[in-house]
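Scroll down for the structure; my scribbles are underneath it.
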Amino acid sequence: MNLEALPSVKGKYNLESYEETAASFNWEEAQKNFSWYETGKINMAHEAIDRHAESDKKNKVALYYRDADRNEKYTFKEMKELTNKAANVLKNQGDIEKGDRVFIFMPRSPELYFALLGALKIGAIVGPLFEAFMEGAVRDRLEDSEAKAIITTPDLLERVPVDELPNLKHVFIVGNKVEEQGKQIDFMKHFSDASRSFSVEWLEQEEGLVLHYTSGSTGKPKGVLHVQQAMLQHYQTSKWVLDLRDDDVYWCTADPGWVTGTSYGIFGPWLTGTTSVIVGGRFSPEAWYQTLEDFGVTVWYSAPTAFRMLMGAGDELVTKYDLSSLRHVLSVGEPLNPEVIRWGMKVFQHRIHDTWWMTETGAQMICNYPAMEIRPGSMGKPIPGVEAAIVDDQGNELPANRMGNLALKKGWPSMMNTIWNNEQKYESYFMPNGWYVSGDSAYKDEEGYYWFQGRIDDVIMTSGERVGPFEVESKLLEHPAVAEAGVIGKPDPVRGEIIKAFIALREGYEATDELKEDIRLHVKKGLAAHAAPREIDFKDKLPKTRSGKIMRRVLKAWELDLPTGDLSTMED
Ligand code: 6R9
């Protein structure tokens with residue numbers, strides 16, 4: 001199978017010609033898709049839900065929800081009423097107002113989505129948290145943002161240090177028969193009594209929407225604030241990149257605690273009026289394939305870590321399910337290894353389309369479109385309306401094929417508005433000449449495709465050669481014994497750094513010195529002698545974030561006996 005030669009398919013997709021659109025598009029145009037283009041009044045929840053509930057889409061299914069105990073569906077009309085109810089509870093019981101920070105700390109359930117959209121209807125700024133956060137992580141985020149309310153469950157309540165948070169006025173608890181005492185409010189009791197009508201709070205384009213905390217390599221997590229106008233890009237990329245159409249059944253596997261779970265788990269699909277599948281509970285390959293089959297999922301957005309786990313479950317398993325409804329598969333969060341694309345071709349008969357973006361960018365920035373030739377290992381090209389470049393540390397653009405800082409021209413609609421309480425941190429993202437610096441290192445080829453190399457901090461300097469960890473990891477992953485790989489530079493008196501690899505083996509392989517040597521040789525032959533790891537450690541598991549990113553800084557800290565920094569986003 002020659003992947004490079006895959007033809008680009010024309011004339012079928014929402015974005016038919018990338019070149020033509022990129023040449024003529026401007027964001028003004030995208031505003032015409034929203035009712036606020038005429039009224040000047042904006043509210044995400046209105047555009048995502050109410051607008052469809054008042055149209056001929058009212059009886060269309062907006063949400064299919066499934067977990068071990070529940071199997072439910074809601075139309076846009078029902079979503080409107082249920083989110084109105086949630087808004088009424090928050091407003092009447094919690095006195096929540098425009099601009100207040102309201103956190104959501106609960107496992108996925110329909111109520112999470114009602115509450116989140118209900119808070120948006122009031123004009124609150126929503127802070128979604130991963131359910132696995134421990135007390136310290138919850139405290140840091142609520143403290144920094146001076147949150148007024150949190151919506152949680154009886155089980156998670158013990159991780160909310162209510163008494164230590166003077167700004168926290170209300171704790172809404174979603175459960176059965178909640179005792180109302182102190183700040184605690186029984187959300188479901190008031191929800192069932194609440195009115196189905198609510199008048200949404202109208203906002204300005206630059207008023208708050210969502211606050212996502214994200215960890216850097218040092219210091220406390222920072223609060224990335226996004227504003228209402230981000231919807232322009234959520235909408236436009238859902239059309240162009242996810243290629244969502246009226247008859248699609250779309251599944252985004254991400255939790256709202258991660259930006260992918262809000263931008264493309266809530267906003268994008270519903271702004272475009274698409275039917276969305278949301279699944280609660282833990283990952284299992286069987287349950288995931290079953291979901292694709294049962295709901296007839298057509299467009300599927302997931303992450304390399306999930307694809308690698310499915311890959312690890314074996315090709316035999318896939319054949320037990322009917323996945324013929326799938327027409328478009330996408331990935332985000334980490335580099336998509338060519339090996340994973342090849343596997344996707346084999347088992348799904350689909351190219352997996354990589355998309356690159358960050359919490360800070362708010363929406364997709366560099367992507368592979370359906371109607372585009374895919375170069376496995378490349379993130380694709382900037383979306384129309386976005387300008388990207390590879391720049392040196394002074395902000396000068398570098399020629400093709402030179403590795404440097406992946407930078408973006410300030411001013412795309414979904415760009416973060418600030419870092420909460422930390423204007424200085426916000427400023428530090430920009431170069432004096434206006435480039436936003438992503439912190440990723442990459443290069444651009446002659447045809448304008450971008451190739452990810454690693455986080456700037458992760459790039460390895462060995463014997464005078466710059467090596468991106470991603471290239472080495474991808475090569476390692478091609479070895480039959482390797483399930484996951486994380487690569488770091490380890491300081492070395494002679495070579496500056498040497499390449500060290502941490503590897504989790506596939507089932508059935510034994511951690512021996514012979515295997516290490518075989519893996520080393522595989523990289524040496526397949527990539528370059530200087531890129532072959534001089535040291536290899538076998539691990540049962542690699543440290544990863546909840547969004548599936550291998551935490552190289554943690555590997556490095558372990559290796560060098562350094563402090564690991566903030567670990568709140570690390571998975572269990
Ligand atoms: C959406 C999201 C952002 C960082 C980003 C980069 C890495 C994301 C990627 C990718 C290679 C891709 N990343 N997508 N690297 N290829 N397609 O992931 O946001 O959690 O803030 O992470 O993730 O390093 O800078 P966030």
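If you take the residues of region 336-349 that are under 21 Å from the mean Cα position of the chain (by Cα) and not in a helix (DSSP H, G or I), which of them is nearest to the ligand (Cβ to nearest atom)?
Looking at the filtered set, the residue picked out is 336.
Does at least one position in region 543-552 carry a residue that is more than 14 Å from the ligand (Cβ to nearest atom), farther than 18 Å from residue 337 by Cβ and at pLDDT 90 or above?
Among the residues of region 543-552, at least one is more than 14 Å from the ligand (Cβ to nearest atom), farther than 18 Å from residue 337 by Cβ and at pLDDT 90 or above, which makes the answer yes.
Kindly indicate the residue of region 553-572 that is hydrophobic (A, V, I, L, M, F, W, C) and in contact with a Ser or Thr (Cβ under 8 Å, 6 or more places away or on another chain) and also farthest from the ligand (Cβ to nearest atom) among those meeting that condition.
This residue is 558.
Hey, any hits in region 351-371 for a residue that's of a type in the set (A, V, I, L, M), farther than 11 Å from residue 241 by Cα and away from the ligand (no atom under 12 Å from the Cβ)?
no
Please verify whether region 110-129 includes one or more residues that are more than 20 Å from residue 220 (Cα to Cα), among the hydroxyl-bearing types (Ser, Thr, Tyr) and not in a helix (DSSP H, G or I).
Checked region 110-129: no residue is more than 20 Å from residue 220 (Cα to Cα), among the hydroxyl-bearing types (Ser, Thr, Tyr) and not in a helix (DSSP H, G or I).
Inspect region 183-201 for any residue being on the phi < 0 side of the Ramachandran plot and within 28 Å of the chain's Cα centre (by Cα) and give the result as yes or no.
The answer is yes, given that some residue of region 183-201 is on the phi < 0 side of the Ramachandran plot and within 28 Å of the chain's Cα centre (by Cα).
Among 444, 381, 410, which is the only one that is among the basic types (Lys, Arg), within 16 Å of the ligand (Cβ to nearest atom) and without any contact (Cβ under 8 Å) to a residue 60 or more places away in the chain?
One residue alone meets the criteria, 444.
What's the number of the only condition in (1) within 13 Å of the ligand (Cβ to nearest atom); (2) among the hydroxyl-bearing types (Ser, Thr, Tyr); (3) touching a helix residue (DSSP H, G or I) at 6+ places or on another chain (Cβ under 8 Å) that residue 215 fails to meet?
Result: residue 215 fails condition (3) only.
Take the residues in region 36-77 that are in a loop (DSSP other than H, G, I, E, B) and touching a strand residue (DSSP E or B) at 6+ places or on another chain (Cβ under 9 Å), then tell me which one is nearest to residue 280 (Cα to Cα).
67
If we scan region 43-66, do we find a residue that is of a type in the set (S, T, N, Q), within 22 Å of residue 279 (Cβ to Cβ) and either at pLDDT below 95 or surrounded by 14 or more Cβ atoms within 10 Å (Cβ to Cβ) (or both)?
no
Among the residues of region 229-252, which ones are farther than 19 Å from residue 384 by Cβ and in contact with a helix residue (DSSP H, G or I) (Cβ under 6 Å, 6 or more places away or on another chain)?
Hits for region 229-252 are 249, 250, 252.
Enumerate the helices (runs of 4 or more DSSP H) found wholly within region 170-272, keeping only those where 1 or more residues are crowded, with 24+ Cβ neighbours inside 10 Å and in contact with a His (Cβ under 9 Å, 6 or more places away or on another chain).
259-262, 268-271
Mind listing just one residue for me: the one in region 447-473 that is of a type in the set (Asp, Glu), more than 10 Å from the ligand (Cβ to nearest atom) and buried (at least 17 other Cβ atoms within 10 Å of the Cβ) and, of those, farthest from residue 530 (Cα to Cα)?
473
Is it the case, given these coordinates, that residue 163 is in the same structural domain as residue 49 (by the TED database), more than 23 Å from the chain's Cα centre (by Cα) and assigned to a helix (DSSP H, G or I)?
It is true that residue 163 is in the same structural domain as residue 49 (by the TED database), more than 23 Å from the chain's Cα centre (by Cα) and assigned to a helix (DSSP H, G or I).
If you scan region 538-565, which residues turn out to be buried (at least 18 other Cβ atoms within 10 Å of the Cβ), not in a loop (DSSP other than H, G, I, E, B) and not hydrophobic (A, V, I, L, M, F, W, C)?
544, 545, 552, 553, 556
Which ones in region 390-417 are in a strand (DSSP E or B) and hydrophobic (A, V, I, L, M, F, W, C)?
Answer for region 390-417, where residues must be in a strand (DSSP E or B) and hydrophobic (A, V, I, L, M, F, W, C): 390, 391, 406, 407, 408.
Quickly run through region 300-327 and pick out the residues that are more than 16 Å from the ligand (Cβ to nearest atom) and outside any loop (DSSP other than H, G, I, E, B).
Matches in region 300-327: 309, 310, 311, 312, 315, 316, 317, 318.
Mind listing just one residue for me: the one in region 422-436 that is surrounded by 14 or more Cβ atoms within 10 Å (Cβ to Cβ) and outside any strand (DSSP E or B) and, of those, nearest to the ligand (Cβ to nearest atom)?
Across region 422-436, the extreme among qualifying residues is 429.
How about region 457-487: which of its residues are farther than 15 Å from residue 521 by Cα and among the β-branched types (Val, Ile, Thr)?
Those that are farther than 15 Å from residue 521 by Cα and among the β-branched types (Val, Ile, Thr): 459, 460, 462, 467, 487.
Please go through region 289-331 and give me each residue that is closer than 20 Å to residue 266 by Cβ and of a type in the set (Phe, Trp, Tyr), ordered by number.
295, 300, 301
Given (1) over 15 Å from the mean Cα position of the chain (by Cα); (2) at pLDDT 90 or above, identify the lone condition not met by residue 332.
The number of the failed condition is (1).
In region 262-279, which residues are closer than 20 Å to residue 126 by Cα and more than 10 Å from the ligand (Cβ to nearest atom)?
Residues satisfying the conditions are 262, 265, 266, 267, 268, 269, 270, 271, 278.
The values are calculated or read from the model by the stated rules, or taken from the named source; none is laboratory data. The structure displayed is predicted, hence computed values, not measured ones. Note that we place each Cβ from the backbone using ideal geometry, even for glycine, and neighbour counts take in every protein chain shown.
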